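First the structure, in the form of structure tokens, and then the observations on it.
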Amino acid sequence: MNAFYTIILLIFSNIFMTFAWYGHLKLEEMKLVTNWPLIAIIVCSWLIAFFEYALQIPANKMGYIGNGGTFTLMQLKVIQEVISISVFVVFTMVLFKNETLQWNHFAAFGCLILAVYFVFMK
């Protein structure tokens, strides 16, 4: 169950991370944060990122094999990267209609899947 909870926490952590990093771009596009100073956008992003850390840290602690979890550090990082890209793609396709997926994006994602395979290979 640690592996399941770790992955769920990582998914939600990455949702917050993606909104912290890229959400302001959509808010600017919607004219909700026009003319905000950069420092205000940074502070708002940090406030959102707090929730990312509140989920990411327990996910890593729970999932790490050294704490009784299932994954090595390398495995945790690769899982996190695949989740991060997956969340980002959904975020982009839903909120930014002008962005399109192209063949090279799928090729890059395939490489990440290969990374998961190789990092779990004995």
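Among the listed residues Met93, Met74, Met121, Met62, identify the single one that is touching a helix residue (DSSP H, G or I) at 6+ places or on another chain (Cβ under 7 Å) and more than 15 Å from Phe12 (Cβ to Cβ).
Result of the check over Met93, Met74, Met121, Met62: Met74.
Here's a check for you: in the range 30-52, which residue that is without any contact (Cβ under 8 Å) to a residue 24 or more places away in the chain and not aliphatic (A, V, I, L, M) is farthest from Glu99 (Cα to Cα)?
Top of the filtered list is Phe50.
Taking the range 64-97 only, how many residues are surrounded by fewer than 16 Cβ atoms within 10 Å (Cβ to Cβ), of a type in the set (Gly, Ala, Ser) and more than 15 Å from Phe4 (Cβ to Cβ)?
The total comes to 2.
Can we say Lys61 is exposed (fewer than 14 other Cβ atoms within 10 Å of the Cβ), of a type in the set (D, E, K, R), closer than 30 Å to Asn2 by Cα and free of Cβ contacts under 8 Å to residues at least 40 places away in the same chain? Spell out the reasoning first.
Values: exposed (fewer than 14 other Cβ atoms within 10 Å of the Cβ): no; of a type in the set (D, E, K, R): yes; closer than 30 Å to Asn2 by Cα: yes; free of Cβ contacts under 8 Å to residues at least 40 places away in the same chain: yes.
The answer is no for Lys61.
Considering only the range 16-28, I want to know if a residue exists there that is among the hydroxyl-bearing types (Ser, Thr, Tyr) and in contact (Cβ under 8 Å) with a residue 60 or more places away in the chain. Don't jump to the end; show me each part of the working.
Restricting attention to the range 16-28, the residues satisfying the condition of being among the hydroxyl-bearing types (Ser, Thr, Tyr) are 18, 22.
Retained after the next criterion (residues that are in contact (Cβ under 8 Å) with a residue 60 or more places away in the chain): 18, 22.
Within the range 16-28, one or more residues are among the hydroxyl-bearing types (Ser, Thr, Tyr) and in contact (Cβ under 8 Å) with a residue 60 or more places away in the chain.
State yes or no: is Leu27 in a helix (DSSP H, G or I), surrounded by 14 or more Cβ atoms within 10 Å (Cβ to Cβ) and either of a type outside the set (S, T, N, Q) or out of contact with any Ser or Thr (no Cβ under 7 Å at 6 or more places or on another chain) (or both)?
Values: in a helix (DSSP H, G or I): yes; surrounded by 14 or more Cβ atoms within 10 Å (Cβ to Cβ): yes; either of a type outside the set (S, T, N, Q) or out of contact with any Ser or Thr (no Cβ under 7 Å at 6 or more places or on another chain) (or both): yes.
So Leu27 fits the description; yes.
Would you check if there is a residue in the range 95-111 being in contact (Cβ under 8 Å) with a residue 40 or more places away in the chain and over 11 Å from the mean Cα position of the chain (by Cα)?
The answer is yes; a qualifying residue exists.
Could you grab me the full set of residues in the range 6-44 that are small (Gly, Ala, Ser) and either touching a Cys at 6+ places or on another chain (Cβ under 7 Å) or at pLDDT 95 or above (or both)?
Residues of the range 6-44 that are small (Gly, Ala, Ser), as a first pass: 13, 20, 23, 40.
Within the range 6-44, just Ser13 meets the criteria.
What's the number of the condition Gly63 fails, among (1) out of contact with any Phe, Trp or Tyr (no Cβ under 6 Å at 6 or more places or on another chain); (2) at pLDDT 95 or above?
Every condition holds for Gly63 apart from (1).
Quick one: Met74 ticks every box in (1) within 18 Å of the chain's Cα centre (by Cα); (2) modelled with pLDDT of 95 or more; (3) farther than 25 Å from Thr92 by Cβ; (4) not polar (S, T, N, Q) bar one, so which box is it?
Tallying (1) within 18 Å of the chain's Cα centre (by Cα); (2) modelled with pLDDT of 95 or more; (3) farther than 25 Å from Thr92 by Cβ; (4) not polar (S, T, N, Q), Met74 fails exactly one: (2).
The values are calculated or read from the model by the stated rules, or taken from the named source; none is laboratory data. Since the model is a prediction, treat every value here as computed from it, not as a measurement. With ideal geometry, Cβ positions are generated from the backbone for all residues, glycine too; neighbour counts draw on all protein chains shown.
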